[in-house]
There are 4 protein chains.
Amino acid sequence: MAGNTFGHLFRFTSWGESHGPAIGCVVDGAPPRLPISEADIQVWLDKRRPGTSRFVTQRQEPDTVKILSGVFEGVTTGTPISMLIENVDQRSRDYGEVKDQFRPGHADYTYLAKYGVRDYRGGGRQSARETAVRVAAGAIARKVLGDGVSIRGAVVQIGPHKVDRDRWDWEAIADNPFWCPDRQAAQRWEGYLDEVRKAGSSVGAVIEVTASGVPVGLGAPIYDKLDSDIARALMSINAVKGVEIGDGFAAAALSGEQNADEMRMADGKAVFLSNHAGGILGGISTGQDIVARMAVKPTSSILTPVRSIDRFGKEVELRTKGRHDPCVGLRAAPVAEAMIACVLADHLLRHRAQCGG
Amino acid sequence: MAGNTFGHLFRFTSWGESHGPAIGCVVDGAPPRLPISEADIQVWLDKRRPGTSRFVTQRQEPDTVKILSGVFEGVTTGTPISMLIENVDQRSRDYGEVKDQFRPGHADYTYLAKYGVRDYRGGGRQSARETAVRVAAGAIARKVLGDGVSIRGAVVQIGPHKVDRDRWDWEAIADNPFWCPDRQAAQRWEGYLDEVRKAGSSVGAVIEVTASGVPVGLGAPIYDKLDSDIARALMSINAVKGVEIGDGFAAAALSGEQNADEMRMADGKAVFLSNHAGGILGGISTGQDIVARMAVKPTSSILTPVRSIDRFGKEVELRTKGRHDPCVGLRAAPVAEAMIACVLADHLLRHRAQCGG
Amino acid sequence: MAGNTFGHLFRFTSWGESHGPAIGCVVDGAPPRLPISEADIQVWLDKRRPGTSRFVTQRQEPDTVKILSGVFEGVTTGTPISMLIENVDQRSRDYGEVKDQFRPGHADYTYLAKYGVRDYRGGGRQSARETAVRVAAGAIARKVLGDGVSIRGAVVQIGPHKVDRDRWDWEAIADNPFWCPDRQAAQRWEGYLDEVRKAGSSVGAVIEVTASGVPVGLGAPIYDKLDSDIARALMSINAVKGVEIGDGFAAAALSGEQNADEMRMADGKAVFLSNHAGGILGGISTGQDIVARMAVKPTSSILTPVRSIDRFGKEVELRTKGRHDPCVGLRAAPVAEAMIACVLADHLLRHRAQCGG
Amino acid sequence: MAGNTFGHLFRFTSWGESHGPAIGCVVDGAPPRLPISEADIQVWLDKRRPGTSRFVTQRQEPDTVKILSGVFEGVTTGTPISMLIENVDQRSRDYGEVKDQFRPGHADYTYLAKYGVRDYRGGGRQSARETAVRVAAGAIARKVLGDGVSIRGAVVQIGPHKVDRDRWDWEAIADNPFWCPDRQAAQRWEGYLDEVRKAGSSVGAVIEVTASGVPVGLGAPIYDKLDSDIARALMSINAVKGVEIGDGFAAAALSGEQNADEMRMADGKAVFLSNHAGGILGGISTGQDIVARMAVKPTSSILTPVRSIDRFGKEVELRTKGRHDPCVGLRAAPVAEAMIACVLADHLLRHRAQCGG
């Protein structure tokens, strides 16, 4: 109930603070006999790793994952898989006033109000560093889903700048540091983000994840709808303030005629003629692509001084020194992918339990 | 795991189909000695009740709630509270082709694909009728939260038409059938919706819920963040396709300077100078108003024929006859309020368990 | 968390007090397309029904079950199955001092201490009446398990009198009001229990349940072992004070040589040469019969006055008037069967989720 | 659902195999600001440690615990507490036939049947080594319960030899390697167990745990009764085959008069005149001592050859070489204590959530 476990049948429990000795998670419920190695997990962690471009935090973390249990002779055994990632770049230092001050837009104030104590070093438990273990868990979820399911994220907006969907190219993502599927947009974003970075400012972003190959029938229709669980999963990522499925908020402005995903038969199979629904009807997957988006707010860790208070009720002004992250959304795409993989793996097992297959 | 239970410490389990003998729910975990009566619950059900204006479904349901357990001599006893609402207006009829055809935008296709069987009468379990029991559970959640917490919903957009926030008046909501807080907008909406209704078309909507008086400290920070649970709760309501907290998707376009909720001291207390965050930081309530929005899609049950298939793989055209709901979002506001009440009550108990107070 | 839900994938949530309008439960997670009717459930309820012999409580309850949801055209739909049993024989009366006094051996004192309020009418929620809904849930669990699994209970001891295992005859059980598998013992028990009844005294009992046909591989090995879950299930039945699997406490006095269940091959299949383990190794079913026993204490509702106190701290003497139950264990066998059916159905679905098949 | 998490509000998730690099657990839900250090946990681990006398397994394991998260500046922070214990004495060796053969009385056969794969090194996940992490979690549970609650275990029977309750002396336990509270019995047991050991045989045991100082009111009365959860907790310990509360199975042979725990007032407080119930009525603690017992079977790892089969269906004879454990029950007392501590801590938080206080 303290909220550090995600999922039901495929579940993981995470632990660790930004500047403790390590972070990690325990994945429970993975089916036995799945081939898995540390390298299978590392490949996804490397995509999320900090310090890979000038547009993300300069913290140097190799993020090397170790599997401590649950895998024997190269396959899962059905027992819990414990994974551990050491914290290397902890930059031990004098925290001075930081430890008593509340950074606006961060959880410093609320953690202290809730618990009466907080690990102030680098944000402690609230640090986005925790998302590394989500990516590790997601790597195992992908194994559970199998090769038939593909989950890909893209950044579709930074600040006010959106991609052009007509230029969408999944291949482009690997070629720029922004997870941008639009090569022209990626070029413009580079200049824009350099300005933001130099100004010591920050901007928000929108990430879109597409899951292809998801079989029809996943989802528990009333309170654990597939879209409900995706919404919860994405909203749990640091700095996320909004989640959409399919047409999302735009659907509110449509008419029933515009929004209807009509059906026909093709080659003896049911097909949808559009996908306003984002691959989910009544909380259950339709077999179409599942499309989800999330909005990431800009961080308040900026050069411009912001007004705040400290734990003693003294008014202060804060100004971020040292590492600076102009667009925290840039590193959120692999985390969003991982969370959706975990939701789908969970629902795959749930569906198998109740409905077989 | 079949998804009919919502919440952890304050939880409810719901059951019932649109055209079965009744629907109901069991609320478990409510603290003992809370004064409660059927009338306390009925008042909220009456707000959601169908057939109250020409803009919502004409199904006639008194939605009278009976308490079958858990309340003794006017107070809760700490044991489960079973509530039952009879289905009165079931309009028994020949379902003809309807029982084999898939209505676009509904879960007919996915239910059958998942379960291999479905109760086709009025949508069965997927019917929005199920949301009545959410409202009943929410009424008890409000008792758990106490009078200090106020949760109010409003429709802020129908189709492309938004309210003007400068004209926001909570009192206005009771004076129009649209849950609209802007009296001028309400007038315009009436004409607009009459057109939609006469055309046999439908439109989407955006609902905003504000929870005031929520104490600081509620929320389990990592995967059960308060905003995660709100997102899940709202996304689980029929036809919802998007959820936002605070500035939501608009935050993506802001800079860190614009988005920062600065803090000062006032009367010896910490105060925020703005509320872009929507009352939640790091998944924990700040003590400010919690502000959440959800987008409701237009129903595909319209007069214009839409292309679909039936369970035998035959291509068909569907056209809605009989009852027609031009804006299903209009009845979603009390449901959204109720779900947020349940989330808050659950987190209140969770907070009490771990942190006391 | 308030403890009124049992199970995980196959689960039921129960509600109701002894003298409220009704009791009931919601079964969630049952696979779709299982043929089920009220008659299928009633047959099990009739076995538990009070008033069937002079050796059990004389409360007259038809215990007629109604299915309110989740079954359509004779089969389960995968949605929650709500079942309701009306309380008929509530004997409304003046409770007088009873409502303030604590009956020794009952939960009157602890309920009031915990909740600060209690429904004192007939024991309220703590009444064994609640076990009727367990039997109803168990009837559905049996459907989930299928005809290949047979779960049968027997009373093997009342007071100090045990059955002779060499005379064990499952057929005998239907021929006596004691669930006794030993016809000679049953005769002696009749005289013995008549004495107990006339003396206004009470005695304990031991019930043994055997589940045959359980496939190998059910159970989650560490904390949700099959035997752990059976122990919890049986210990949750009113008045149960001990639970054993296989040889149980007798195993403590054995040597490793005596206790070993050796294995051989027969007809190409693994067979065990004995079953000290009671069909479970490492928390996982072996495919042998699962054998579990539970000890039921004698009720303290007796004619001899017993010393107690009331809620105001006044010392009192209590003496049971009216209905009297000389051996509450006699009606526990069908409840024990039902609980084990529910545990097995839950683990069948859990196994299917993780390991397929 | 894979069963590696114990508890609800105070919960721990464990991982690790006997011969993997380490074992560990993540404790979630502990209240913040509890003073705790590795030394606080180590003291309990040292009591369970193998190799401390000739009567227990000779595996040499320092069992040194490391806290990796959740504790900051000497106190808990409310975030998950990750603990890790390295496996030192893994004795890497050629497993030869062992890896294919099923040891009677062990879970070799059932693990392979369930998962289709197993880590055969030293029992893998089914090894009693896993119980070390339960002791670590229990150490934190004790902190949650506070100094007012004392939980003490004793071995009250080995093989057929019981302690004399009139000679019960809690102090004696620290003075013999048997957790025996009867000094005379301890002396006799020494000779007896030496014989068992030299014969390469094994015997069972009964462990009794007493929890003093537990406040009245803990327990969720229907399916999560305090005794149900204790039964589940104890039955989940390796080799346990029976669980009793209070008089347990002996209660079945008592009359209602004999079994009644009468009540009087003393110094203005309710007192019970006996404790047949073992401190629990209706699933809720009474404030008296909670008394629970468990039966541990003798291990089948003995010198006498026992008949078995291997995974290929070949009949074999097995004879334990190397390390040998004449009475596995001897090391179970601290594990039983720990599990009961965890159950009580969980119910303390659950009670606080629903009923305050």
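The values are calculated or read from the model by the stated rules, or taken from the named source; none is laboratory data. Worth saying up front: this structure is predicted, and the values here are computed from it rather than measured. Quick reminder, even Gly has a Cβ in these numbers, built from the backbone with ideal geometry, and neighbours come from all protein chains shown. We work out accessible area using only protein heavy atoms, side chains counted, and drop any ligands, DNA or RNA first. Shrake-Rupley method; radii C 1.70, N 1.55, O 1.52, S 1.80 Å.
Any idea which of D:GLN157, D:GLN126 is facing chain C (nearest Cβ under 10 Å) and closer than 21 Å to A:SER69 by Cα? Going through D:GLN157, D:GLN126 in turn, the sole match is D:GLN126.
Can you tell me how many residues within the range C:41-51 are open to solvent by less than 50 Å² (accessible area, probe 1.4 Å) and out of contact with any strand residue (DSSP E or B) (no Cβ under 7 Å at 6 or more places or on another chain)?
Number of matching residues: 3.
For the range A:234-259, which positions are among the small types (Gly, Ala, Ser) and out of contact with any strand residue (DSSP E or B) (no Cβ under 7 Å at 6 or more places or on another chain)? Within the range A:234-259, A:SER236, A:ALA250, A:ALA253, A:GLY256 qualify.
The one condition from (1) in contact with a strand residue (DSSP E or B) (Cβ under 8 Å, 6 or more places away or on another chain); (2) open to solvent by 10 Å² or more (accessible area, probe 1.4 Å) that A:GLY279 does not meet is (2). Whenever a residue of the range B:292-306 is facing chain A (nearest Cβ under 8 Å), its partners that are surrounded by 24 or more Cβ atoms within 10 Å (Cβ to Cβ) and among the basic types (Lys, Arg), lying with C-beta atoms within less than 8 angstrom and at least six residues away or across chains, give the pairs B:ALA295/B:LYS241; B:VAL296/B:LYS241; B:LYS297/B:LYS241. Scan the range C:85-109 for residues that are under 15 Å from C:VAL133 (Cβ atoms) and open to solvent by less than 20 Å² (accessible area, probe 1.4 Å) and the total you get is 2.
Out of curiosity, is D:GLU130 more than 22 Å from D:SER37 (Cβ to Cβ) and not hydroxyl-bearing (Ser, Thr, Tyr)? For D:GLU130, the condition - more than 22 Å from D:SER37 (Cβ to Cβ) and not hydroxyl-bearing (Ser, Thr, Tyr) - is met.
Where in the range A:173-264 are there helices (runs of 4 or more DSSP H), lying fully within it, with 3 or more residues that are under 30 Å from B:ASP224 (Cβ atoms) and touching a residue at least 40 places away in the same chain (Cβ under 8 Å)?
A:226-235
Looking across A:ALA199, A:ALA172, one residue alone is modelled with pLDDT of 95 or more, more than 23 Å from A:VAL243 (Cβ to Cβ) and surrounded by fewer than 23 Cβ atoms within 10 Å (Cβ to Cβ). It is A:ALA172. The number of residues in the range A:110-133 that are in contact with a Ser or Thr (Cβ under 7 Å, 6 or more places away or on another chain) and either touching a residue at least 40 places away in the same chain (Cβ under 8 Å) or surrounded by 24 or more Cβ atoms within 10 Å (Cβ to Cβ) (or both) comes to 12. Among the residues making up the range A:96-113, those that are over 15 Å from A:ASN238 (Cβ atoms) and assigned to a helix (DSSP H, G or I) are A:GLY96, A:GLU97, A:VAL98, A:LYS99, A:TYR109, A:LEU112, A:ALA113.
Select from the range A:19-37 the residues that are at pLDDT 95 or above and under 19 Å from A:ARG129 (Cβ atoms) and list them in ascending order. Once the filter is applied, which keeps residues that are at pLDDT 95 or above and under 19 Å from A:ARG129 (Cβ atoms), the range A:19-37 yields A:GLY20, A:PRO21, A:ALA22, A:ILE23, A:GLY24, A:CYS25, A:VAL26, A:VAL27. Within the range B:223-275, count every residue that is among the aromatic types (Phe, Trp, Tyr) and either at the interface with chain A (Cβ under 7 Å from one of its Cβ atoms) or crowded, with 24+ Cβ neighbours inside 10 Å (or both). The total comes to 2. Give the range B:53-70 a look and list any residue that's open to solvent by 60 Å² or more (accessible area, probe 1.4 Å) and modelled with pLDDT of 95 or more, or say none. B:THR64, B:LYS66 - these are the residues of the range B:53-70 that are open to solvent by 60 Å² or more (accessible area, probe 1.4 Å) and modelled with pLDDT of 95 or more. Checked against (1) away from chain D (no Cβ under 14 Å); (2) part of a helix (DSSP H, G or I); (3) open to solvent by 20 Å² or more (accessible area, probe 1.4 Å); (4) farther than 30 Å from A:LYS225 by Cα, C:ARG142 passes all but a single condition, namely (4).
If you take the residues in the range C:296-349 that are among the small types (Gly, Ala, Ser) and over 30 Å from C:ALA136 (Cβ atoms), which one is least open to solvent (accessible area, probe 1.4 Å)?
Among them, the one singled out is C:SER308.
Of all the numbered requirements in (1) within 12 Å of chain D (Cβ to nearest Cβ); (2) in contact with an Asp or Glu (Cβ under 8 Å, 6 or more places away or on another chain), C:PRO21 misses one, and that requirement is (1). Scanning the range D:287-326 for residues that are more than 30 Å from D:GLY256 (Cβ to Cβ), touching an Asp or Glu at 6+ places or on another chain (Cβ under 9 Å) and not in a strand (DSSP E or B) turns up D:LYS297, D:PRO298, D:THR299, D:SER300, D:SER301, D:ILE302, D:THR304, D:PRO305, D:ARG311, D:PHE312, D:LYS314, D:PRO326.
If you go through the range D:8-28 one residue at a time, do you hit one that is β-branched (Val, Ile, Thr) and open to solvent by 10 Å² or more (accessible area, probe 1.4 Å)? No. Can you name the condition, by its number, that D:ILE284 falls short on among (1) open to solvent by less than 10 Å² (accessible area, probe 1.4 Å); (2) within 7 Å of chain C (Cβ to nearest Cβ); (3) touching a residue at least 24 places away in the same chain (Cβ under 8 Å); (4) touching an Asp or Glu at 6+ places or on another chain (Cβ under 9 Å)? Every condition holds for D:ILE284 apart from (4).
Going through (1) touching a His at 6+ places or on another chain (Cβ under 9 Å); (2) away from every other protein chain (no Cβ under 14 Å); (3) of a type outside the set (Lys, Arg) one by one, D:GLY29 falls short only on (2).
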